[in-house]
């Protein structure tokens, strides 16, 4: 399959949904104008829409055919965008640029940026709740995302990342940070597509393992790119991890060993879905793309 055509097509579908979501009266009619602008500014600032696309690809792999996966997938982008807004804040990573544009707090101020992130996270669950699907399926999806985004996932990982800044940590602590702050939402993105398709337990297990492996590989490659990437590729200044004293795979294992670890994880992800048919080709190609990406 041609990933170069697959990704833009799916990205266009997600972007169309997000534009329609922002244009809906129930979103913008009772929302303070500055907050609404801040939400839209970060949500439509670009990005690969990888998490929504993973959900769609997983849904298709598991035999799903309805378009009802689109709102579920798009909700992931609201959650991801919220995390980026908060991650860029002065109290967190204090970044001035994201996707080659000034970060939300640089444009709208810190308070509105925080509230825009809060709004996007909350709205994501509203989108899910209003998706035409079996209530028990939606509850499973909400439960999975709550796990991935909260103390047992992204928030827990981000907290550990901040606590351990400028401190030498053990390998198990680095593994915890990366699998939680980044890997948890990527794994959940894959898993909720399969849940939406009502996949059997063995399929869910295989896709969960696939998502877990690519999630960690994604963050390792992020660590590598922070060293070897350019400002244009990263959308922000490279070398930020070193300046902030972040614990990364290259800081503990070195650059080349980190690349090997990422490659091994991608191979393991492909192994997890090796028995799947051709419908899983997008997932296979996305795994390879994660390993070789430059932004």
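The values are calculated or read from the model by the stated rules, or taken from the named source; none is laboratory data. Predicted, not measured: the structure shown is a model, and the values here were computed from it. Positions of Cβ are generated from backbone atoms using ideal geometry, with glycine treated the same way; all protein chains shown enter the neighbour counts.
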Just checking, does the stretch 181-201 include any residue being free of Cβ contacts under 8 Å to residues at least 40 places away in the same chain, farther than 16 Å from residue 153 by Cβ and assigned to a helix (DSSP H, G or I)? yes
Considering only the stretch 248-293, state which residues are more than 30 Å from residue 205 (Cα to Cα) and in a loop (DSSP other than H, G, I, E, B). 254
How do the helices (runs of 4 or more DSSP H) wholly within the stretch 56-133 filter down when requiring 3 or more residues that are within 20 Å of the chain's Cα centre (by Cα): which remain? 69-87, 110-129
Kindly indicate whether residue 242 is in a helix (DSSP H, G or I), modelled with pLDDT under 95 and more than 22 Å from the chain's Cα centre (by Cα). yes
Going by the structure shown, is residue 41 within 30 Å of residue 203 (Cβ to Cβ) and either surrounded by fewer than 19 Cβ atoms within 10 Å (Cβ to Cβ) or modelled with pLDDT of 95 or more (or both)? no
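Based on what the data block shows, is residue 96 more than 24 Å from residue 203 (Cβ to Cβ) and either at pLDDT 95 or above or touching a strand residue (DSSP E or B) at 6+ places or on another chain (Cβ under 9 Å) (or both)? Talk me through it step by step, then tell me what you get.
Numbers: more than 24 Å from residue 203 (Cβ to Cβ): yes; either at pLDDT 95 or above or touching a strand residue (DSSP E or B) at 6+ places or on another chain (Cβ under 9 Å) (or both): yes.
Criteria met by residue 96.
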Flagged in the stretch 10-30 as over 18 Å from the mean Cα position of the chain (by Cα), without any contact (Cβ under 8 Å) to a residue 40 or more places away in the chain and surrounded by 12 or more Cβ atoms within 10 Å (Cβ to Cβ), in numbering order, are 16, 19, 22, 28
In the set 121, 145, 138, which member is surrounded by 14 or more Cβ atoms within 10 Å (Cβ to Cβ), more than 29 Å from residue 89 (Cα to Cα) and in contact with a helix residue (DSSP H, G or I) (Cβ under 9 Å, 6 or more places away or on another chain)? 138
Picking from 26, 4, the residue that is farther than 28 Å from residue 57 by Cα and in a helix (DSSP H, G or I) would be 26
Take residue 246 and tell me if it is surrounded by 12 or more Cβ atoms within 10 Å (Cβ to Cβ) and closer than 30 Å to residue 168 by Cα. yes
Give me the pairs, please: first residue somewhere in the stretch 89-106 and on the phi < 0 side of the Ramachandran plot and buried (at least 17 other Cβ atoms within 10 Å of the Cβ), second residue anywhere and in a loop (DSSP other than H, G, I, E, B) and at pLDDT below 90, beta-carbon distance under 9 Å, and either six or more positions apart or on two chains. 93/244; 93/246; 95/236; 95/237; 98/235; 98/236; 103/236
Checking residue 236 against (1) in a helix (DSSP H, G or I); (2) crowded, with 17+ Cβ neighbours inside 10 Å; (3) in contact (Cβ under 8 Å) with a residue 24 or more places away in the chain, only one condition comes out false. Which one? (1)
Let me confirm something: among 33, 65, which residue is free of Cβ contacts under 8 Å to residues at least 24 places away in the same chain, under 24 Å from residue 187 (Cβ atoms), out of contact with any helix residue (DSSP H, G or I) (no Cβ under 6 Å at 6 or more places or on another chain) and surrounded by fewer than 20 Cβ atoms within 10 Å (Cβ to Cβ)? 65
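I'd like to know if the stretch 208-227 contains one or more residues that are more than 18 Å from residue 291 (Cα to Cα) and modelled with pLDDT of 95 or more.
There is at least one residue in the stretch 208-227 that is more than 18 Å from residue 291 (Cα to Cα) and modelled with pLDDT of 95 or more.
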